[in-house]
């Protein structure tokens, strides 16, 4: 059986009556949902994509290719093109509806429905699939509303795998950070001013929630850790009334003294000041003064980010194998065979499987792809 082709509504529906509380964000929100039932027309006018058409049983060049023609999904018709249908096909139009935002089409059992949904102007990117199964984009007619799009399963699976790996990588590092490291990153991320006034558990909880939702931002910050450390000290100096930012004049000054720096327009003042103290000789001297006043304890990450990521690979792989065993993605085929995954005969002991295969790149690549595919299907 062929894999279903999925079409999804382009626009969501926000139901304000279904408010929920997000403990990570510390606020209420309305979940974004799809309307339960959305019907669409089963007849449309499109630009004719057919290079050849059948006339009196013979194939001839389509002289109207690229010109307007009508398509219709009708029961009992093997073609969606009205000029190839019986005269009464309009009386046999099939209803088409999205249920909870989705239409699943079996390409073997519903070929005309698939062809119609791919060609109608309601589709974000109409395509014509020729006799060689080549997908050719068809021009949409102007002023036609886009209602839905075809889900690219290969692209979604690849993105899901990449996101899964980035999230696991980011969460592994974030969970093992010392608390002073957590507060530094949380402060720079703007999670709260006066962050030292919050309970450690609350700070760590909110920080991990941010990392889980934004692994890209966190991993980028890790790659620029020196800049994070500098920005943290500057923000602490502002909190402790050592320096202040005068927004309307775009300047940084000593609280009890003169002006230190003026930012150019169009840039964040603090970020611009961080660049100044990193790359300007006078700025470096100013930063040394600020750092001495703030008197921070050593907050440097003892291991390099590269070392932490290398360490993370093995631990993340172990957790993934364990999850796959629990979810029976790695199957047990009996005492005689033990656990198997694809062509891999893994043995009978779960702990030995985890230790043996956590550093096997080919095995882990295959397992990650399988897990990402299952996640995407859910």
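The values are calculated or read from the model by the stated rules, or taken from the named source; none is laboratory data. Since this is a predicted model, take the numbers as computed values, not measurements. Backbone-built Cβ (ideal geometry, glycine too); neighbour counts: all protein chains shown.
For a quick check of your reading: which strands (runs of 3 or more DSSP E) sit entirely within segment 51-138 and have at least 1 residues that are touching a helix residue (DSSP H, G or I) at 6+ places or on another chain (Cβ under 7 Å) and without any contact (Cβ under 8 Å) to a residue 40 or more places away in the chain?
So the answer is 68-72, 127-129.
May I ask you to say which residue of 106, 87, 83 is closer than 27 Å to residue 10 by Cα, out of contact with any strand residue (DSSP E or B) (no Cβ under 6 Å at 6 or more places or on another chain) and at pLDDT below 95?
Details: 87 fails: closer than 27 Å to residue 10 by Cα; 83 fails: closer than 27 Å to residue 10 by Cα.
Of 106, 87, 83, the one residue that is closer than 27 Å to residue 10 by Cα, out of contact with any strand residue (DSSP E or B) (no Cβ under 6 Å at 6 or more places or on another chain) and at pLDDT below 95 is 106.
Every residue, every condition in (1) touching a strand residue (DSSP E or B) at 6+ places or on another chain (Cβ under 8 Å); (2) surrounded by 14 or more Cβ atoms within 10 Å (Cβ to Cβ); (3) assigned to a helix (DSSP H, G or I), yes or no:
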{"position": "322", "(1), (2), (3)": "no, yes, yes"}
{"position": "328", "(1), (2), (3)": "no, no, no"}
{"position": "335", "(1), (2), (3)": "no, no, no"}
{"position": "354", "(1), (2), (3)": "no, yes, yes"}
{"position": "363", "(1), (2), (3)": "yes, yes, yes"}
{"position": "368", "(1), (2), (3)": "no, yes, yes"}
{"position": "371", "(1), (2), (3)": "no, yes, yes"}
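Which one of these is touching a helix residue (DSSP H, G or I) at 6+ places or on another chain (Cβ under 7 Å), without any contact (Cβ under 8 Å) to a residue 60 or more places away in the chain and over 24 Å from residue 3 (Cβ atoms): 338, 347, 342?
347
Looking at (1) out of contact with any helix residue (DSSP H, G or I) (no Cβ under 7 Å at 6 or more places or on another chain); (2) surrounded by 13 or more Cβ atoms within 10 Å (Cβ to Cβ); (3) at pLDDT below 85, can you tell me which one residue 149 breaks?
So the condition that residue 149 fails would be (3).
Could you grab me the full set of residues in segment 193-212 that are in contact with a helix residue (DSSP H, G or I) (Cβ under 9 Å, 6 or more places away or on another chain) and assigned to a helix (DSSP H, G or I)?
Matches in segment 193-212: 195, 196, 200, 203, 204, 206, 207, 208, 210, 211, 212.
Any residue that is assigned by TED's automatic domain parsing to the domain that holds residue 116, modelled with pLDDT under 90 and under 22 Å from residue 137 (Cβ atoms) - is there at least one of those in segment 21-36?
no
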